[in-house]
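Student: For reference, the structure I am asking about is given below.
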């Protein structure tokens, strides 16, 4: 049993992104609209996604730019408030992703009843954040310390907008993340938000960790989802579900319907439990 079958009762899963507008403390925060405007925007998107057949939604502070490796208390509190309210009536599982603070993500997930988190838990990277180091040991100890061991951890092992300082092949990195760092699931990403992960890398990661779920994390479209699901145990999709395929736009119901239909038609995924 993989984390996908455990959480969703099926072999492969579709997870849709619920992107939050910028939170308090970040340059793009809408002070006039405040928290109420954030809740309204996210609730609108989630209502479409949750009724479309997706297996889960993943809440993410995508617009908290410039990104940081540590979320402040103001953003953590605001995101907890938004997720708590919007997720109250959800009948499907949901996850949390805080860019790029694993402890904050785990804390919010525990407080809101989320089933999983997505984070970069392992590796060292060169990026706009400077030298980006990680500490899976600290994150997993924190999960245990706050009593959140039921929250599953999806490890993004190919961080977007960053170059890994690691010469190992993707299969070796995936195996190490599972064996040494206890990943519940593995995510393979492209070079940036909305950029497709290389299918060969997805296949190599899956070959290396046969008993652990491997998902494609970025750049999936209605045109590509069938091919991706032939190699992966699931997908996480955001930008291609938005109006005009733009990450910062609202969710487009027609694009969502098209995506779910394409996944169903591929024969690699089925709606429902």
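Student: Considering only DSSP beta bridges where both residues belong to the chain, give the percentage that are antiparallel (nearest 5). It would help to have the intermediate numbers written out before the result.
Tutor: Numbers: 7 of 35 bridges.
Just about 20 percent of them are antiparallel.
Student: Assuming R0 = 41 Å, what is the FRET efficiency of residue 89 and residue 207, from their Cβ-Cβ distance, to the nearest 0.05?
Tutor: Numbers: r = 40 Å, r/R0 = 0.98.
Result of the calculation: an efficiency of 0.55.
Student: What share of all Cα pairs of the chain, in percent, falls into each consecutive 10 Å distance bin?
Tutor: Distribution as computed: 7, 32, 40, 19, 2 percent.
Student: Something else now. How large is the convex hull of the Cα atoms of the range 1-109 per residue, expressed in Å³ as a whole number? Can you show the working numbers first?
Tutor: Details: hull volume 10.5 nm³, N = 109.
Taking the convex hull of the Cα positions in the range 1-109, it is 96 Å³ per residue.
Student: Continuing with this model, one more query. Show that you can apply the helix-only estimate: for the chain, add -39,500 (n - 2.57) for every DSSP H stretch of four or more residues, divide by all residues, and state [θ] at 222 nm to the nearest 500.
Tutor: Details: 9 runs with 98 residues, N = 273.
The helix-only estimate for the chain comes to -11000 deg cm²/dmol at 222 nm.
Student: Now, a different point. Normalising by the residue count of the chain, find the relative contact order in percent from Cα pairs under 8 Å and 6+ residues apart.
Tutor: On the way: 582 pairs, mean separation 47.8, N = 273.
Once normalised by length, the contact order is 17 percent.
Values in this text are rule-based calculations from the coordinates and carry no lab data. Keep in mind that this is a model prediction, so the values were computed, not measured. Don't worry about glycine lacking a Cβ; one is built from the backbone with ideal geometry, like all the others, and counts go over all protein chains shown.
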